[in-house]
Amino acid sequence: MKEEKLIASMVVECSIVTIMSTHVYSFNGKHYLQSNGGPIGLNSTASLASIIMCWWDRMWIRLLNKLTIKCLLYYRYVDDCRSYLKPIKQGWRVTSDGLRWDEDFYREDVLTDVSPQRMTTNILVDLMNKILVNLVFTGEDNEMF
């Protein structure tokens, strides 16, 4: 059974690499080989993205729980994630050990006058980008609008 799963996963991997590296599109009467990223409009790209994001969702919730960050509500549409939680207080940072409070961080936050909402956004984006290195997230909060 273990060998069958390994073979199946290798077939899927080869298929994905082939699809992503051989996609040709046309623009203005010329044909181009897609140089990077998933081909837009290709059903397999959307399916693969959906699978990866479902996997990412589980890792995200697991990470928040591990760091004892209580997420009041989380939902996602395609690649737009919404996490609702209480603001993270000044002095906290993401480190190699996880989330850590430090007096120097606190002083820096007080001096730069970073709002708890912006700090929370920055910390969450930093955490999100550590889950799968090939995915890059950006953050928005209502202070930006």
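The values are calculated or read from the model by the stated rules, or taken from the named source; none is laboratory data. Keep in mind the model is a prediction, meaning the values are calculated, not measured. Quick reminder, even Gly has a Cβ in these numbers, built from the backbone with ideal geometry, and neighbours come from all protein chains shown.
State yes or no: is residue 69 in the same structural domain as residue 89 (by TED's automatic domain parsing), among the β-branched types (Val, Ile, Thr) and surrounded by 10 or more Cβ atoms within 10 Å (Cβ to Cβ)?
The answer is yes for residue 69.
Listed here are the residues, each with its yes/no results for (1) β-branched (Val, Ile, Thr); (2) assigned to a helix (DSSP H, G or I); (3) within 22 Å of the chain's Cα centre (by Cα).
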position	(1), (2), (3)
5	no, yes, no
10	no, yes, no
13	no, yes, yes
16	yes, yes, yes
19	yes, yes, no
40	yes, no, yes
44	no, yes, yes
50	no, yes, yes
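Which residue pairs have Cβ atoms closer than 7 Å, lie 6 or more positions apart in sequence or on different chains, and pair a first residue in the range 22-41 that is more than 18 Å from residue 136 (Cα to Cα) and in the same structural domain as residue 78 (by TED's automatic domain parsing) with a second residue that is among the small types (Gly, Ala, Ser) and in a loop (DSSP other than H, G, I, E, B)?
none
Yes or no: the range 78-89 includes at least one residue that is in contact (Cβ under 8 Å) with a residue 12 or more places away in the chain, in a helix (DSSP H, G or I), surrounded by 14 or more Cβ atoms within 10 Å (Cβ to Cβ) and not acidic (Asp, Glu). Show your work before the answer.
Filtering the range 78-89 down to residues in contact (Cβ under 8 Å) with a residue 12 or more places away in the chain leaves 78-79, 81, 83-89.
From what's left, in a helix (DSSP H, G or I): none.
No, the conditions are met nowhere in the range 78-89.
For a quick check of your reading of the model, give me the residue pairs whose first member lies in the range 114-134 and is more than 18 Å from residue 80 (Cβ to Cβ) and hydroxyl-bearing (Ser, Thr, Tyr), whose second is surrounded by fewer than 17 Cβ atoms within 10 Å (Cβ to Cβ) and at pLDDT 90 or above, with beta-carbon atoms closer than 9 Å and at least 6 apart or on different chains.
115/87
Scan the range 1-42 for residues that are exposed (fewer than 10 other Cβ atoms within 10 Å of the Cβ), modelled with pLDDT under 85 and either aromatic (Phe, Trp, Tyr) or under 22 Å from residue 79 (Cα atoms) (or both) and jot them down.
35, 36, 37, 41
So which residues in the range 105-142 are more than 28 Å from residue 54 (Cβ to Cβ) and among the charged types (D, E, K, R)?
107, 108, 109, 113, 118
Looking at (1) in a strand (DSSP E or B); (2) without any contact (Cβ under 8 Å) to a residue 12 or more places away in the chain; (3) more than 13 Å from the chain's Cα centre (by Cα), find the lone condition where residue 72 falls short.
Only one criterion is unmet by residue 72, namely (2).
Is it the case that residue 48 is at pLDDT below 90, outside the structural domain of residue 129 (by TED's automatic domain parsing) and exposed (fewer than 11 other Cβ atoms within 10 Å of the Cβ)?
So residue 48 does not fit the description; no.
Examine the range 107-115 for a residue that is outside any helix (DSSP H, G or I) and surrounded by 10 or more Cβ atoms within 10 Å (Cβ to Cβ), and state whether such a residue exists.
yes
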